[in-house]
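Trainee: Sharing a structure here in structure tokens format.
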Amino acid sequence: MNLDSLFKKKKVSFDFYEIDLLSASDKNLKEISDRMGLAISGEEMKRIKEYFQTKNRNPTDIELEALGQAWSEHCCYKSSKIPLKQHIYGIKEDKIIAREDAGVIEFDDDHYYCAALESHNHPSAIEPYGGAATGVGGIVRDIVCMGAQPIAYIDPLFFGPLDITFDKLPKGVKHPVYLFKGVVDGIRDYGNRIGIPTLSGQVYFHEGYTGNCLVNVGCIGIMKKEEMIHSRAKAPGNVYVYVGGKTGRDGIHGVTFASAELTDESEESSRSAVQVGDPITKEPVIHTTLECNRKGLLEGLKDFGGGGLSCVCGELAYAAGFGAEIHLDDIPLKEEGLHPWEIWVSESQERMMFLVKPENVDKVLHICKQWDVTAVPVGKVIKEKITRVFYKGEKILEMDLDFLTGGPVYDSCTRPFAPIDTEKHKKTEKSFTMPNLNDSLKKLLASHNICSKEWVIRQYDHEVRGNTVIKPLQGKINAESHGDATVLKPLENSFRGLAVTADINPRFMERDPYWGACSAVDEVCRNLVAVGSKPDSLLDCLNFGNPEKPERMGEFYEACRGLGNMARELQLPFVSGNVSFYNESVKTAVPPTPELFGVGIAPDIRKCITSDLKKEGNPIYLVGKQTEEEMGGSEYYKIMGIEGGDVPKTDTGILSKCMKGILSAIGKEYIASCHDVSEGGIGVCLSEMIIGGDIGTIVDLSNVSKKLRSDFKLFSESNTRWVLEGEKQSKKDFEEALKKEDVPFIKIGKTKGRKLIINEGENALINLDINTLRNIWKNAIWNIMG
């Protein structure tokens, strides 16, 4: 049947179509989905056709558009629900107060902290400034709509190599330098303008991100317990009040665009799917929302996220077992001429939806007016579990919410997954002659995955609001080095603190998704413990390729299994998270990237410590698991051009004992500084401690894994290890404290002089002065980005 004939214009005063699904062939069904940009498969379109057959009518254009949003991978998690239930959910659930737009956990007797982690990958690949800025704008709304005051951003970023030549870029792909600058500019301008510090994250470069960069955005907030509000209605009759920015054509089909692979035509075909942020509007919207909530005027609250009005109206009602009736005539618009379906699915930014009792509507509108924030009632909650939408006196949408929001769910039969061959990388490992280790350390410090990220960090205001106690750069002024986590003091009258960190190693993940995921949990715990905080919760942003490909789903299942097994043994709940599929472009998928955001509780921020060395003459210890020949995915093998090797394994028994012992020693003030051993191994770890403290060390690795080659001792990235600087006067007490908890440790040296000196008995391995180390480490990204 001719496709055009299936689109039948209705006789009304505006553009409005009935789609003749009932007459459509199977081929037509898929063609309709493609023409309308729904990203709905042929089988899913058949299910929609069956639904409307039971209603004895055809759908309207706005009804199909609504289903495209609600059934997108981004909104309904149709490929990931089953593995998430199998592995991620069900861990220490009694600790989680709420898991809605954001996750909520107790901070102290009177307060909750609230955290969320999302992705804005496809928009940032198309328009890096706007994509990143609106990612930041969206995640802060998730915190606000739980009733919390946002206090910090976390932004993990992943790009292709900065030094890639233009001839190696796939058609339609922007250069990583352009993307990197645009994304950082977007995060900087949005975060700085609304006065929320960006103080933690990750920047990683890998060939696999060349065609599809990843921009993950996290936020954490704090609230009084009595101020928490839910993303659901309380009763029929609750009034929908639209608050904030106006609705336009930006962000249309954002969620369906994010539920498909990028192509060389995405730049032109999908630019309108990228939203336009407005931080100047956002700040008063935050104040308005929190004030209305504090005064008890709101029954329910949700932000406009993916799918716009289409999703927010139905989800608020459906979560409470009700329905919604909405009138589009009153929606504030940026421009005239928007079709009703465009108003319904637009993802224009800076918008919140309040649910208000009828008697409180005028009070809410008055507060909005005081803050100069647009607000208008647009509908009401109804008893029937149906969404009805009206425009210019016409009913243009009516669907059962069970069908609209239910969506398909795929299991291992309908979304099969392939076993992962973790041996293929090991088979390529070759023996090689040990190079000059001074040269190797210099190359590692210049690696873009290890070198200073000051170019990024200095652009973000990480001290606004005055809550940042331990900053992302730590050490003496003008000599700062990387820290492991940042620490916040969220309450004025308490010294209890929150620590945050973000971690994943994509090179581990592409070789072994299971152990790579386990390693990510291990590193999050190491980082939080290194500043003196006890790990309290995890958030995950699971960035993977096309779930319709069995090998991609195999990676996803293995990663979820690794995350779940580690978290279960450590009793760490996943309080919130996100799944981002279809991170795949013309050439290849991104490496499996289950980014983790870890939150720790610091009982007393005054006892927290940093990574920089403090004083000459203090003892240096290597604490934790034995150093192994686990070189697979290491930065050392990368600079040597070697592909093979084992990915580091984890042992939660040793990890638990080490965390307990180190936290006890920090609480007793036996430790002057602490840094976890990760990329680049012990050699890089000591270098960063020296750079920040401006003090040298003399270290002997003779007693570290005696059978290992010297370069493997220096650069292995085995998990569950820290380098600690003890307080000289507390040496005996510190060692006794570790022995009491059965924590493995070796005294490897002391702080002294102005050089990094690492020996192995009589053999000198490393001898480099601080200034040499600092100049190499500090300037690698500045030299490219200027």
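Trainee: Report yes if residue 764 is open to solvent by 20 Å² or more (accessible area, probe 1.4 Å) and either under 30 Å from residue 181 (Cβ atoms) or modelled with pLDDT of 95 or more (or both), otherwise no. Quick ask: steps written out before the conclusion?
Mentor: Numbers: open to solvent by 20 Å² or more (accessible area, probe 1.4 Å): yes; either under 30 Å from residue 181 (Cβ atoms) or modelled with pLDDT of 95 or more (or both): yes.
Spelling it out, residue 764 is indeed open to solvent by 20 Å² or more (accessible area, probe 1.4 Å) and either under 30 Å from residue 181 (Cβ atoms) or modelled with pLDDT of 95 or more (or both).
Trainee: So, in region 230-240, how many residues would count as being surrounded by fewer than 24 Cβ atoms within 10 Å (Cβ to Cβ) and of a type outside the set (D, E, K, R)?
Mentor: Going residue by residue through region 230-240, those that are surrounded by fewer than 24 Cβ atoms within 10 Å (Cβ to Cβ) are 230-232, 234-237, 239.
From the residues that got through so far, the ones that are of a type outside the set (D, E, K, R) too are 230-231, 235-237, 239.
Total satisfying the criteria: 6.
Trainee: If you take the residues in region 423-438 that are modelled with pLDDT under 95 and part of a helix (DSSP H, G or I), which one is most open to solvent (accessible area, probe 1.4 Å)?
Mentor: Among those residues, the one meeting the criterion is 424.
Trainee: Now a separate question. Please identify the pairs in which a residue from region 488-512 that is farther than 21 Å from residue 575 by Cα has its Cβ atom under 8 Å from the Cβ atom of a residue that is modelled with pLDDT under 95 and among the β-branched types (Val, Ile, Thr), counting only partners at least 6 apart or on another chain.
Mentor: 511/422; 512/420; 512/422
Trainee: From 109, 163, 155, which residue is buried (at least 22 other Cβ atoms within 10 Å of the Cβ), modelled with pLDDT of 95 or more and among the acidic types (Asp, Glu)? If you could, list the steps in order and put the result at the bottom.
Mentor: Values: 109 fails: buried (at least 22 other Cβ atoms within 10 Å of the Cβ); 163 fails: buried (at least 22 other Cβ atoms within 10 Å of the Cβ).
Exactly one of 109, 163, 155 is buried (at least 22 other Cβ atoms within 10 Å of the Cβ), modelled with pLDDT of 95 or more and among the acidic types (Asp, Glu), namely 155.
Trainee: Within region 607-722, which helices (runs of 4 or more DSSP H) (wholly inside it) include 2 or more residues that are under 24 Å from residue 479 (Cα atoms)?
Mentor: 681-693, 710-715
Trainee: Of all the residues that make up region 19-30, how many are farther than 28 Å from residue 120 by Cα and in a helix (DSSP H, G or I)?
Mentor: The qualifying residues number 7.
Trainee: Would you check if there is a residue in region 480-487 being open to solvent by less than 10 Å² (accessible area, probe 1.4 Å), touching an Asp or Glu at 6+ places or on another chain (Cβ under 8 Å), touching a residue at least 40 places away in the same chain (Cβ under 8 Å) and within 30 Å of residue 763 (Cβ to Cβ)?
Mentor: Keep residues of region 480-487 that are open to solvent by less than 10 Å² (accessible area, probe 1.4 Å), which gives 481, 485-487.
In the following step, the residues that additionally are touching an Asp or Glu at 6+ places or on another chain (Cβ under 8 Å) were identified as 481.
When the remaining residues are screened for being touching a residue at least 40 places away in the same chain (Cβ under 8 Å), the result is 481.
Applying the additional criterion that residues be within 30 Å of residue 763 (Cβ to Cβ) yields 481.
Yes, because at least one residue in region 480-487 is open to solvent by less than 10 Å² (accessible area, probe 1.4 Å), touching an Asp or Glu at 6+ places or on another chain (Cβ under 8 Å), touching a residue at least 40 places away in the same chain (Cβ under 8 Å) and within 30 Å of residue 763 (Cβ to Cβ).
Trainee: Criterion first (in contact with a Gly (Cβ under 9 Å, 6 or more places away or on another chain) and open to solvent by less than 20 Å² (accessible area, probe 1.4 Å)) does residue 452 satisfy it? Spell out the reasoning first.
Mentor: Values: in contact with a Gly (Cβ under 9 Å, 6 or more places away or on another chain): no; open to solvent by less than 20 Å² (accessible area, probe 1.4 Å): yes.
No; evaluated as a whole, the condition is false for this residue.
Trainee: Would you mention how many residues in region 182-216 are farther than 18 Å from residue 276 by Cα and not in a strand (DSSP E or B)? Break it down stepwise before answering.
Mentor: First pass over region 182-216, keeping only residues farther than 18 Å from residue 276 by Cα: 195-214.
Still in the running and not in a strand (DSSP E or B): 195-197, 206-213.
Residues that pass the stated criteria total 11.
Trainee: Before we move on, is residue 77 at positive phi and either open to solvent by 20 Å² or more (accessible area, probe 1.4 Å) or modelled with pLDDT of 95 or more (or both)?
Mentor: Details: at positive phi: yes; either open to solvent by 20 Å² or more (accessible area, probe 1.4 Å) or modelled with pLDDT of 95 or more (or both): yes.
It is true that residue 77 is at positive phi and either open to solvent by 20 Å² or more (accessible area, probe 1.4 Å) or modelled with pLDDT of 95 or more (or both).
Trainee: Still on this structure, I have one more. Just to be sure, is residue 62 in contact with a strand residue (DSSP E or B) (Cβ under 6 Å, 6 or more places away or on another chain), of a type in the set (Val, Ile, Thr) and closer than 30 Å to residue 518 by Cα?
Mentor: On the way: in contact with a strand residue (DSSP E or B) (Cβ under 6 Å, 6 or more places away or on another chain): yes; of a type in the set (Val, Ile, Thr): yes; closer than 30 Å to residue 518 by Cα: no.
Against the criterion (in contact with a strand residue (DSSP E or B) (Cβ under 6 Å, 6 or more places away or on another chain), of a type in the set (Val, Ile, Thr) and closer than 30 Å to residue 518 by Cα), residue 62 does not qualify.
Trainee: Pairs, please: C-beta under 9 Å, at least 6 apart or cross-chain, first residue on the phi > 0 side of the Ramachandran plot and in contact (Cβ under 8 Å) with a residue 40 or more places away in the chain and in region 702-720, second aliphatic (A, V, I, L, M) and open to solvent by 20 Å² or more (accessible area, probe 1.4 Å)?
Mentor: Taking only residues 6 or more apart or on different chains, the pairs are 720/654.
Trainee: Conditions first: (1) farther than 20 Å from residue 438 by Cα; (2) more than 37 Å from the chain's Cα centre (by Cα). Residue 784 passes all but one, so which condition is the exception?
Mentor: (2)
Trainee: Right, another one. Any residue that is modelled with pLDDT of 95 or more and in contact with a Cys (Cβ under 9 Å, 6 or more places away or on another chain) - is there at least one of those in region 326-335?
Mentor: There is at least one residue in region 326-335 that is modelled with pLDDT of 95 or more and in contact with a Cys (Cβ under 9 Å, 6 or more places away or on another chain).
For every residue, the table says whether it meets (1) within 20 Å of residue 659 (Cα to Cα); (2) open to solvent by 10 Å² or more (accessible area, probe 1.4 Å); (3) touching a Phe, Trp or Tyr at 6+ places or on another chain (Cβ under 8 Å).
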| residue | (1), (2), (3) |
| --- | --- |
| 593 | no, no, yes |
| 605 | yes, yes, yes |
| 609 | yes, yes, no |
| 615 | no, yes, no |
| 623 | yes, no, yes |
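Trainee: Working carefully through the options 126, 105, 143, 62, find the one that is farther than 24 Å from residue 344 by Cα and not acidic (Asp, Glu).
Mentor: 105
Trainee: Across region 1-18, what is the number of residues that are of a type outside the set (Asp, Glu) and part of a strand (DSSP E or B)? Steps first, please.
Mentor: If we filter region 1-18 for residues that are of a type outside the set (Asp, Glu), which is where we start, we get 1-3, 5-14, 16-17.
From what is left, the residues that are part of a strand (DSSP E or B) are 7-9, 17.
So the answer is 4.
Trainee: Let me ask something additional. Within the bounds of region 122-133, is there any residue that is open to solvent by 20 Å² or more (accessible area, probe 1.4 Å), in contact (Cβ under 8 Å) with a residue 24 or more places away in the chain and not β-branched (Val, Ile, Thr)? Reasoning before the result, please.
Mentor: At the first step, the residues of region 122-133 found to be open to solvent by 20 Å² or more (accessible area, probe 1.4 Å) are 127, 129.
After this cut, where a residue has to be in contact (Cβ under 8 Å) with a residue 24 or more places away in the chain as well, the list is 127, 129.
When the remaining residues are screened for being not β-branched (Val, Ile, Thr), the result is 127, 129.
Yes.
Trainee: Can I ask one more? Within region 660-678, can one find any residue that is among the hydrophobic types (A, V, I, L, M, F, W, C) and touching a Phe, Trp or Tyr at 6+ places or on another chain (Cβ under 6 Å)?
Mentor: yes
Trainee: Got a sec? Which of 445, 441, 498 is surrounded by 18 or more Cβ atoms within 10 Å (Cβ to Cβ) and assigned to a strand (DSSP E or B)?
Mentor: 498
Trainee: Scan region 166-178 residue by residue and report those that are open to solvent by 10 Å² or more (accessible area, probe 1.4 Å) and part of a helix (DSSP H, G or I).
Mentor: Kept after step one, since they are open to solvent by 10 Å² or more (accessible area, probe 1.4 Å), are these residues of region 166-178: 166-175, 177-178.
Those that are open to solvent by 10 Å² or more (accessible area, probe 1.4 Å) and part of a helix (DSSP H, G or I): 166, 167, 168, 177, 178.
Trainee: Among (1) under 19 Å from residue 593 (Cβ atoms); (2) among the hydrophobic types (A, V, I, L, M, F, W, C); (3) touching a helix residue (DSSP H, G or I) at 6+ places or on another chain (Cβ under 9 Å), there is one condition residue 97 misses while meeting the rest; what is its number?
Mentor: Unmet condition: (1).
Trainee: Give the residues of region 356-369 that are out of contact with any Gly (no Cβ under 8 Å at 6 or more places or on another chain) and in contact (Cβ under 8 Å) with a residue 12 or more places away in the chain, sorted by residue number.
Mentor: Of all residues in region 356-369, those out of contact with any Gly (no Cβ under 8 Å at 6 or more places or on another chain) come to 356, 359-369.
Within region 356-369, 356, 360, 361, 363, 364, 365, 367, 368 meet the criteria.
Trainee: If you don't mind, another one. Just to verify a result, which residue in region 34-47, among those that are assigned to a helix (DSSP H, G or I), closer than 21 Å to residue 307 by Cβ and touching a Leu at 6+ places or on another chain (Cβ under 8 Å), is least open to solvent (accessible area, probe 1.4 Å)?
Mentor: So, considering only residues that are assigned to a helix (DSSP H, G or I), closer than 21 Å to residue 307 by Cβ and touching a Leu at 6+ places or on another chain (Cβ under 8 Å), the one least open to solvent (accessible area, probe 1.4 Å) is 45.
Trainee: Collect the residues in region 287-300 that are in a helix (DSSP H, G or I) and open to solvent by 10 Å² or more (accessible area, probe 1.4 Å), keeping them in residue-number order. Step through it out loud before you land on a result.
Mentor: We begin by selecting, within region 287-300, every residue in a helix (DSSP H, G or I); these are 287-294.
Listed by number, the residues that qualify are 287, 290, 291, 293, 294.
The values are calculated or read from the model by the stated rules, or taken from the named source; none is laboratory data. Remember, it's a predicted structure, so these values are computed and weren't measured experimentally. As a convention, Cβ positions derive from the backbone with ideal geometry for all residues, glycine included, and neighbour counts pool all protein chains shown. For the accessible areas, the whole protein counts, side chains as well, though only heavy atoms, and no ligand, DNA or RNA atoms are used. Shrake-Rupley method; radii C 1.70, N 1.55, O 1.52, S 1.80 Å.
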